[in-house]
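All of the numbers you see were taken from the coordinates with simple rules; none came from a lab. What you see is a predicted model, and the numbers here were worked out from it, not measured in a lab. Note that we place each Cβ from the backbone using ideal geometry, even for glycine, and neighbour counts take in every protein chain shown.
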């Protein structure tokens, strides 16, 4: 079997990655918006669906030779795992995160996401919406940490809910459209 034929037999991993990203992003940003507290519910979702599912999707995208998908899902999967490590700080003798270090952490993710958004200009509109809103989310969270203005973090929470919901829509649209072999949910 040729490599090209082999890649055609691998299912599209994007819906899994988008679902993992979307559901976890909505849940965390319900917290950022002040609707729910930070709890094990968010941590567990971040570890399992946000982290592991996206990493698996990213590895599958590598197998399909999709550089964008492989980079996005793998990087954001490890984002969730790194965020959980920051929250629980299991390392004795290592100072916990402060607002300034979190601001830089989120700023770097915002810069990365801005460049990934540029990559989506060759993709469908739904992907552009996910990455544009994610870029805004990271920059708002960084500004919120740098300034200490709680209202900015709350606003970021609502942007994050929208961002996560747009990723869930993108995931579901790809699944439904694939199942029906036609566009039911436009992308």
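One table, with the values for the structure above:
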item	result
For the chain, built as a Gaussian network whose Cα springs stay under 10 Å, the top-fluctuating residue of 153, 100, 122	122
Rg over Rh, two decimals, the chain (C-alpha only, Kirkwood Rh)	1.00
C-alpha center-to-center spacing [the range 61-108, the range 11-31] in angstrom	15 Å
Principal axis dimensions, largest first and in whole angstrom, of the range 1-110 by Cα	52, 30, 25
Ranked 56, 86, 94, criterion: other C-beta atoms within 10 Å, fewest first	94, 86, 56
Per-bin percent of Cα-Cα distances, the range 45-131 [5 Å]	3, 13, 18, 22, 21, 11, 7, 3, 1, 0
Residues 30, 114, 83, sorted so that the one with the fewest Cβ neighbours within 10 Å comes first	114, 30, 83
Cα-based Kirkwood hydrodynamic radius, the range 31-79, one decimal, Å	11.4 Å
Using a Förster distance of 35 Å, the FRET efficiency for residue 85-residue 179 (Cβ separation, nearest 0.05)	0.40
Label-point gap, in nm, between residue 78 and residue 101 - each point 7 angstrom along Cα→Cβ	1.9 nm
147, 24 arranged by Cβ crowding within 10 Å, fewest neighbours leading	147, 24
Rounded to whole Å, sorted largest first: equivalent-ellipsoid semi-axes of the range 101-168, Cα gyration tensor	22, 14, 6
Spin-label pair residue 41/residue 114, simplified geometry with 7 Å Cα→Cβ offset, distance in nm	3.5 nm
Two-site FRET efficiency, residue 123 against residue 147, from Cβ-Cβ distance with R₀ of 25 Å, rounded to 0.05	0.15
